[in-house]
Amino acid sequence: MKVHEYLKTVEEQIRCKSIWEDIRTELLGHIEEDTEYFRRKGMSREEAVERAVEEMGDPVETGIELDKVHRTRLDVKLLLFFIGIDLLTVVLAIAYFKGEMPDDVSRYMLWRGTGLFFLLMFSFGGYRKEYFSKPYQLWLLFFIISAVFMMISVFGGAAVEDSGFHLTDTAYQTMLFSNVAGFGGLAFYYRKGGYGEVRRLLAIAGVVCLLSMISRQYFFTFMVVLAHVIILTIAVRRGWFRIKRREFLIKLWSLPGLLALLGVPMVYRAIRDHRIAQSVRKYLDMDDTPGMLLRLFGSAGILGIFVMILLIIGVFLWMLYDIRKLTNQYCNIICTGVLTAFSMMVLYSLLAMMGFGDISQVFFPFFSVNRFSNGGALYLYYILLGTFLHMHRHDKVLPKAELPTKRAA
């Protein structure tokens, strides 16, 4: 059997056509390796190729086995869990406003509904091939949208706000956090490089961190810096770069360490002046999930807030548990970036709620229902979730640069 006939027969057994090219590359690598082996045994080129194809086994059986291994599967349980949280927040809002919802909340419901479309589109989308061949595209997508949101926030915020589609403040900051997922893709793209590639990554992260300073929120900038440092640390610890890891990591963490020390006096003054409790009470007066729970259920609302906190922690732990099972390095680092982005959103929201940021920018990714959580910020939440679920589907499909040889396997 000819090589192309063998490969075609194998491909016909695999239902997911998007991985045919990767499978072909993998099998060709095995055939070429065996061909060289048989040529060293004294066979001619044609004889060696024919023998190598025979050694690969029956193409139908091979294709069936590869179909089992490489079949893409969506994590339906996780998808249904996220949709369930959506329904829970919608029911809570309807109960709180007793069916007579303000225009802001009505629009919020509309954004939630259309946001689910983005979640499903990114979960089931067929863009894996492009992302695997050019990982920087994901970061570029988020960065361009961040820049657009920043320009709208600075020069045209009022006009956009009047339309009810909130692109400013929370949305702009959420977009910058979302760059962390794309930054993980960039780290994968520059892996196997040396100090030059690492400096390039630092420069890219620096641009995003400089953009965060426009908000004039100290702790927001700190969170953006910390998120990028975490992703780069993970990449370095995995040995992706030819550098002195310990020396580099010490220097890398010196910046967030210094920023944390500079923030200590601000926290101390807030505690001394009792501003934290005042700010929390002010936030609880807003029509966001914790405030709704308190006004709907009274003292039992405290228990509801506690359950909400446990749910957020549970979602993060579930995502972390799933990430640890992802064997594909590209899928793993992208999903890690999504989890890091969500974590930084929550941490910054907690700080803002305590008075260390703009209280109107509090946005808990899974539960916020205030008017600032609609529009752009909410859509980004769904896009990040969809990206996370999409990467799960293709965990078994290895990028070309990571394809194992037969001997390595």
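Readers should treat all values here as calculations from the given coordinates under stated rules, not as data from a laboratory. What you see is a predicted model; the values in this text were computed from it and never measured. For neighbour counting, all protein chains shown are included, and Cβ atoms are generated from backbone atoms with ideal geometry for every residue, glycine included.
Odds and ends about this structure:
- Nearest-20 debye value, segment 267-373 charge dipole, Cβ charges on Lys, Arg, Asp, Glu: 200 debye
- Taking the number of Cβ atoms within 10 Å of each Cβ as an exposure proxy, the fewest-first ranking of Arg237, Arg112 is Arg237, Arg112.
- Placing +1 on the Cβ of every Lys and Arg and -1 on the Cβ of every Asp and Glu, with no other charges, gives segment 3-70 a dipole of roughly 100 debye about its Cα centre.
- Per-residue extension of 0.36 nm, minus the Cα-Cα distance of Leu80 and Lys251, leaves a gain of 57.3 nm for this segment.
- Separation of alpha-carbon centers, segment 173-187 and segment 195-245, rounded to whole Å: 10 Å
- Globularity ratio of segment 3-70, using Cα Rg and 2.2 N^0.38 Å: 1.14
- Listed by Cβ neighbour count within 10 Å, with the fewest neighbours leading, Tyr195, Tyr96, Tyr330, Tyr190 appear as Tyr195, Tyr96, Tyr190, Tyr330.
- For Leu296, Leu186, Leu284, Leu211, order by how many other beta-carbon atoms lie within 10 Å, fewest first: Leu296, Leu284, Leu211, Leu186
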